[in-house]
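Visitor: Take this structure, written in structure tokens, and hold onto it; I'll ask about it next.
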Amino acid sequence: MSCFFVTGGSGFIGSAYIRFLISSTDHQVINIDKLTYASNLDSLEMVEKNPRYHFVQGDILDEKLLGELFKEFHPDYVVHLAAESHVDRSIQNSRNFIETNIIGTYNLLEISRKYWLSLGSKEKLKFKFHHISTDEVFGSLSSKGLFNEESPYNPSSPYSASKAGSDHLVRSWYKTYGLPILISNCSNNYGPYQFPEKLIPLTIMNAMEGKPITIYGDGKNVRDWIFVEDHVEAMYAVLTKCDIGSSYCIGGNSQKTNLEVVKEVCNILETILPRDINLQSSYHDLITFTKDRPGHDFRYAIDTSKIYDSLGWKPRETFKSGLEKTIKWYIDNTFWLENVNRETQKL
């Protein structure tokens, strides 16, 4: 049994990763989360009483707390997910993104480095620091081409710039100090428990409430989509099977325009939750368009051949099957959605 530190473990991807670790392995998990607006402990209700799970409310900007936690729990692995992650919010106020994504990552790297140096030779060889990042650090693609592990960094938003900065810090701590790190850059995640500021859960929520479904620009911006449970399995494979110092691009091979995504959500809802016949309209009638946001990257697409070839990993879900599971989950968990929606109104 190993000990995992998961930062941001109450967020969307972090909670999915912890649920995977507790249900599919025998590892101990320490969840370190500040509990910002996008965190939700309800996402971990099914594991909170497990003796292998421990939650600590804390900020990765708190060096003292981090140092104490390393001394108390002696982690074998640090999986770093804690981040501010919404492009629109980074445009409105970038300071939190710089502090958490760059300074917070620096704190975690430095404390991890000092801890790693204090370990015995056997424990030193086992320790790894896995930094979870995004394909947005590579900027925008035209209608052709794919991002891969050698793609140059060209971020467009304060969010992606802050994640690019954290990637560079992590890589430099390996090259300069020898800290055993791994980096993975993933495409857009979707699935149960996602905070409804992102495209898919926001579309589902607005559709179910009969509100306008708003799309930036003409809706032709393209993203690659991956079901979150596929992503966390890939994360675990990278951490446990790959050589230190390496990076991996993780994607779902599901390139869709934003308009295609919204229409597919509407199609599935029409099948499993038809609108009231008295409304004499479909979910598609709720679709509206608004002015494009600044610096909106046109297209992201990931070449996943490295992780396929080296690990044999492939996503289990197609976009349609994953989306159906996601929509059914939101329909069956309207109480969760209502609670989150109330919190959203306070922001």
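Visitor: Once label points are set 7 Å from the Cα along Cα→Cβ at both Asn339 and Asp26, what is their separation, rounded to one decimal in nm?
Guide: 3.3 nm
Visitor: Percent relative contact order of segment 23-140, based on C-alpha pairs within less than 8 angstrom and at least six residues apart?
Guide: 27 percent
Visitor: Here is a follow-up. With the cut-off at 28 Å, tell me which of the pairs Lys34/Lys263; Lys34/Lys128; Lys49/Lys122; Lys220/Lys320; Lys34/Lys314 have Cα atoms farther apart than that.
Guide: The pairs that break the limit, which is 28 Å between Cα atoms, are Lys34/Lys263; Lys49/Lys122; Lys34/Lys314.
Visitor: Whose amide H sits under 5 Å from the amide H of Ile213, counting only residues 5 or more places off or on another chain, with H placed in the peptide plane?
Guide: For Ile213, whose amide H was placed from the backbone, the distant partners under 5 Å are Ile287, Thr288.
Visitor: In segment 195-224, which residues have a backbone nitrogen under 19 Å from the label point lying 7 Å from Asp332's Cα in the Cα-to-Cβ direction?
Guide: 195, 201, 204-205, 208
Visitor: Nearest 5 percent is fine: what portion of the DSSP beta bridges confined to the chain is antiparallel?
Guide: Taking every DSSP beta bridge within the chain, about 10 percent pair in antiparallel fashion.
Visitor: Test of understanding: ordering Met235, Met1 by Cβ neighbours within 10 Å, fewest first, what list do you get?
Guide: Sorted ascending by nearby Cβ count, the order is Met1, Met235.
Visitor: How charged is the neighbourhood of Met235? Take every other residue with its Cβ under 13 Å from the Cβ of Met235, and add Lys/Arg as +1 and Asp/Glu as -1.
Guide: 0
Visitor: Here is a further query. Roughly speaking, what is the centre-to-centre gap between segment 76-98 and segment 111-143 when only Cα atoms are used, to the nearest Å?
Guide: Computed from Cα coordinates, the inter-centre distance equals 16 Å.
Visitor: Give the calculated FRET efficiency between Asn93 and Lys124 to the nearest 0.05, with a Förster radius of 35 Å applied to their Cβ-Cβ distance.
Guide: Efficiency at R0 = 35 Å is approximately 0.30.
Visitor: I've got another one for you. What is the sum of charges, Lys and Arg at +1 and Asp and Glu at -1, for the other residues whose Cβ falls under 13 Å from the Cβ of Leu65?
Guide: Counting the neighbours of Leu65, the net charge comes to -3.
Visitor: Counting only the backbone N, which residues of segment 314-341 are under 19 Å from the spot 7 Å out from the Cα of Thr214 toward its beta-carbon?
Guide: Flagged as within label range: 341.
Visitor: Next question, about the same structure. Gaussian network model of the chain, Cα springs within a sub-10 Å range: biggest mean-square fluctuation belongs to which of Ile183, Ile111, Ile60?
Guide: Ile111
Visitor: Determine the relative contact order of segment 17-84: mean sequence separation of Cα pairs under 8 Å and six or more apart, normalised by residue count, in whole percent.
Guide: Over segment 17-84, the number comes to 32 percent.
Visitor: Once R0 is set to 30 Å, what does the formula 1/(1 + (r/R0)^6) return for the Cβ-Cβ distance between Thr271 and Thr36, expressed as a FRET efficiency to the nearest 0.05?
Guide: The formula returns an efficiency of 0.30 here.
Visitor: Let me ask another. Express the relative contact order of the chain as a whole percentage, based on alpha carbon pairs under 8 Å and six or more residues apart in sequence.
Guide: 17 percent
Visitor: If you don't mind, there's one more thing I want to ask. Around Arg89, what is the net charge, scoring Lys/Arg as +1 and Asp/Glu as -1 over all other residues with Cβ under 12 Å from its Cβ?
Guide: So the surrounding residues net to 0.
Visitor: Sticking with this structure for a sec: Using the beta-carbon distance between Lys175 and Ser321 and R0 = 51 Å, what value does 1/(1 + (r/R0)^6) give for FRET efficiency, to the nearest 0.05?
Guide: The formula returns an efficiency of 0.80 here.
Visitor: Enter the mean projected area of the convex hull around the alpha-carbon atoms of segment 184-336, in nm², rounded to one decimal.
Guide: So the Cα hull casts an average projection of 10.1 nm².
Quick note: the coordinates plus some simple rules give every number you see, no bench work behind them. Since the structure is predicted, the reported quantities are computational estimates derived from the model, not experimental observations. Methodologically, a virtual Cβ is constructed for each residue, glycine included, from the backbone with ideal geometry; neighbour enumeration extends over all protein chains shown.
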